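The values are calculated or read from the model by the stated rules, or taken from the named source; none is laboratory data. Being a predicted model, the structure only gives us computed values, none of them experimental. Neighbour counts are summed over all protein chains in view; Cβ atoms, including those assigned to glycine, are modelled from backbone coordinates with ideal geometry.
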Amino acid sequence: MDYKDFINQDTEWLKGTGPSANIVMSSRVRLARNLDKVPFSNWADKGRLEDVLVAVKDAALSTGGLKNALFVRLKDLSEVDRLFLVERHLMSPEHAENVDYKAVVVDPKEIISVMINEEDHLRIQVLLSGSNLRECWKIADSLDTELSKKLAFAYSAKWGYLTACPTNTGTGLRGSVMLHLPALVFTGQIGKILQAIAKLGLNIRGLYGEGTDATGNIFQISNQVAMGITEEETIDNIERISNQVVSREDSTRKTILTKNKEALVDRISRALGTLKSAHIITSSETITLLSAIRLGVDLGIVKTMDRRTVNELFLLTQPAHLQELDGRPLNANERDVKRADLIRSKLK
């Protein structure tokens with residue numbers, strides 16, 4: 001299997017299935033690990049980094065969950081190909097930089113991926129559609145146990161797993177849920193809710209993680225620290241708070257349908273009309289309009305599309321995916337034209 005084959009299948013985080021999938025787009029667990037007695041990635045020399053890459057590759061590909069996985073050295077990919085993997089949430093934007101001794105291992109279903117020599121020597125990631133954080137943790141924990149039998153991880157009885165960033169030290173676990181919250185944005189409630197979430201010790205980020213904006217009314221909620229709290233407690237905390245946000249979004253959607261349906265239908269209809277007729281459209285405008293369409297599908301206002309089609313457009317209209325589909329590099333204007341063509345074709 002080649003990584004380019006991924007474009008012909010639904011990536012896990014956009015399948016639109018699983019518990020509360022109308023609001024919870026995906027759940028993810030990441031575990032940060034480093035090899036014992038080896039400098040962290042930012043401090044290790046070239047020889048050590050190469051040794052880490054080979055050791056983690058061999059260990060990962062010999063585990064039950066990754067025996068048939070794809071292994072890719074990032075230096076062998078073009079910039080567009082690396083962005084393609086970022087857009088599919090198979091690796092972080094930071095992992096796509098300074099790529100000489102970096103790699104990624106991805107299972108064929110795009111549920112499990114392992115980043116090698118990111119900020120830490122390896123980062124295990126499990127991604128599932130819908131509200132499935134506990135199942136993500138179960139899969140990640142099993143893989144971590146297998147890898148720990150093949151690799152000696154840096155661990156302190158006092159501090160827990162040792163990581164490059166102090167906020168990951170302890171369990172090394174970063175759990176997150178990606179929420180689609182258009183009703184809370186539409187009614188102006190989102191600001192107070194995000195402030196409350198931050199006070200409860202969680203981070204709020206955009207579609208592609210740290211440093212990205214919440215375009216398309218999509219927000220990622222994750223834990224801030226991994227020390228002084230068990231993995232189960234971290235998962236429980238994220239689930240408890242995200243469930244409250246989901247409940248608030250759901251009730252707000254019902255209120256809008258009752259009290260302000262005309263304005264909502266107008267916004268969704270205008271978004272659909274623009275997408276069906278535009279001949280040039282940017283990525284950011286597309287995500288904003290698709291957010292409205294997704295809400296319309298989930299509320300039964302848009303009956304000519306399903307959630308999976310909308311989710312597919314979220315991904316296929318991203319810059320790298322457009323260029324992979326076209327088979328050549330495209331400048332910004334060419335991408336805007338190609339994006340509009342693709343959308344009109346899908347919405348016929």
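Residues of the range 11-30 that are closer than 18 Å to V114 by Cβ and of a type in the set (A, V, I, L, M, F, W, C): W13, V29.
Residues that are more than 17 Å from the chain's Cα centre (by Cα) and small (G, A, S) do not occur anywhere in the range 111-120.
To keep it simple, each residue is scored yes or no on (1) aliphatic (A, V, I, L, M); (2) within 20 Å of the chain's Cα centre (by Cα); (3) more than 30 Å from V265 (Cα to Cα).
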residue: K150; (1), (2), (3): no, no, yes
residue: F153; (1), (2), (3): no, no, yes
residue: L173; (1), (2), (3): yes, yes, yes
residue: H180; (1), (2), (3): no, yes, no
residue: F186; (1), (2), (3): no, no, no
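In the condition set (1) at pLDDT below 95; (2) assigned to a loop (DSSP other than H, G, I, E, B), M91 is compliant with all but (1).
When S26 is tested against (1) closer than 26 Å to V177 by Cα; (2) surrounded by 15 or more Cβ atoms within 10 Å (Cβ to Cβ); (3) without any contact (Cβ under 8 Å) to a residue 40 or more places away in the chain, exactly one condition is not met: (3). Checking each residue in the range 106-132 for being farther than 29 Å from I23 by Cα and either surrounded by fewer than 24 Cβ atoms within 10 Å (Cβ to Cβ) or not assigned by TED's automatic domain parsing to the domain that holds E50 (or both) picks out E118, E119.
A Cβ distance below 8 Å, combined with a sequence gap of six or more or placement on separate chains, defines the contacts here; from the range 271-291, residues that are charged (D, E, K, R) reach residues that are assigned to a helix (DSSP H, G or I) in the pairs K276/I343; K276/R344. Taking the criterion of being within 30 Å of I218 (Cα to Cα) and either of a type in the set (G, A, S) or in a helix (DSSP H, G or I) (or both), the residues of the range 16-64 that qualify are G16, G18, S20, A21, S26, S27, A32.
Remark: pairs (first residue in the range 141-155, farther than 8 Å from A59 by Cβ; second residue surrounded by fewer than 14 Cβ atoms within 10 Å (Cβ to Cβ); Cβ separation under 6 Å; 6+ apart in sequence or on different chains) = A152/D36; A154/D36. Just one of (1) modelled with pLDDT of 95 or more; (2) more than 22 Å from N132 (Cα to Cα); (3) of a type in the set (V, I, T) fails for I235. It is (2).
Pairing each residue of the range 47-60 that is touching a residue at least 24 places away in the same chain (Cβ under 8 Å) with any residue that is among the basic types (K, R), provided the two are 6+ apart or on different chains, yields C-beta distances under 6 Å for A59/K150. Within the range 94-120, the set of residues being part of a loop (DSSP other than H, G, I, E, B) and among the acidic types (D, E) comprises E97, D100, D107, E110, E118, E119, D120.
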